[in-house]
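Peer 1: Here you go, one structure.
The values are calculated or read from the model by the stated rules, or taken from the named source; none is laboratory data. For clarity, every value in this text was computed on a predicted model and none was experimentally measured. Neighbour counts run over all protein chains shown; Cβ positions are idealised from the backbone, glycine included.
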Amino acid sequence: MKKTHQKEKLPAGFPLLDDKDIAILQMLQQNARITVREISDAIHLSTTPVHERIKRMEEAGVIRQYATLLNPTQIKRGLTVICYVSLKQHNRTAGARFIKAIHDMQEVVECFSISGEFDFMLKVMVENMDAYYDFHVHKLGEAENIGHVQSVFVMGIVKQTHRLV
């Protein structure tokens, strides 16, 4: 009997992930450029079933995309700032305008809608403090409907991962 892992509901008709699927996902998260042959050798399946499992997980949305992780200091994005933002107005139109503005700001690499005192949490990556000041004053500060912004500067990274399984 296969051991299954179900952390969230999968699309209707999609079988639960078994140990082989989890092993494939772990290997792809560690190295998205790993070949089907290397995966098949490691998990003791032939290449065709491995390829079919990957394709099935892509089509079901379990695998959303493949990415290249960059060294921020090597591309002049060495300063990370967490910005907490509250909006003045809380209606659908005002929120949509803010979200559209955030999508247009390349310095914002992540944006979360949050509960509590603030409405959004932004992860901003820039070259240095001067670049952050410019971003804060000329981009974020010019966005419509901003009530309050609190900036927290990341001093160091204790743990950073993109692995979910």
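Peer 1: Of the conditions (1) outside the structural domain of Asp130 (by TED's automatic domain parsing); (2) within 20 Å of Thr161 (Cβ to Cβ); (3) surrounded by 14 or more Cβ atoms within 10 Å (Cβ to Cβ), Arg64 fails just one. Which one is it?
Peer 2: Among (1) outside the structural domain of Asp130 (by TED's automatic domain parsing); (2) within 20 Å of Thr161 (Cβ to Cβ); (3) surrounded by 14 or more Cβ atoms within 10 Å (Cβ to Cβ), Arg64 violates only (3).
Peer 1: Name the single residue that is surrounded by the fewest Cβ atoms within 10 Å (Cβ to Cβ) among those in the stretch 136-165 being free of Cβ contacts under 8 Å to residues at least 60 places away in the same chain and small (Gly, Ala, Ser).
Peer 2: Per the stated criteria, the residue is Gly156.
Peer 1: Let me ask another. Which of the residues that make up the stretch 97-135 are more than 20 Å from Ala67 (Cα to Cα), surrounded by 17 or more Cβ atoms within 10 Å (Cβ to Cβ) and free of Cβ contacts under 8 Å to residues at least 24 places away in the same chain?
Peer 2: Passing the criteria: none in range.
Peer 1: Identify, please: which residue in the stretch 113-165 is part of a strand (DSSP E or B) and touching an Asp or Glu at 6+ places or on another chain (Cβ under 6 Å) and is, among those, farthest from Ile22 (Cα to Cα)? Write out each step before concluding.
Peer 2: Residues of the stretch 113-165 part of a strand (DSSP E or B): 113, 120-126, 146-153.
Filter once more, so that each one left must be touching an Asp or Glu at 6+ places or on another chain (Cβ under 6 Å): 123-124, 126.
On the way: Lys123: 29, Val124: 32, Val126: 35 Å.
Taking the candidates together, the pick is Val126.
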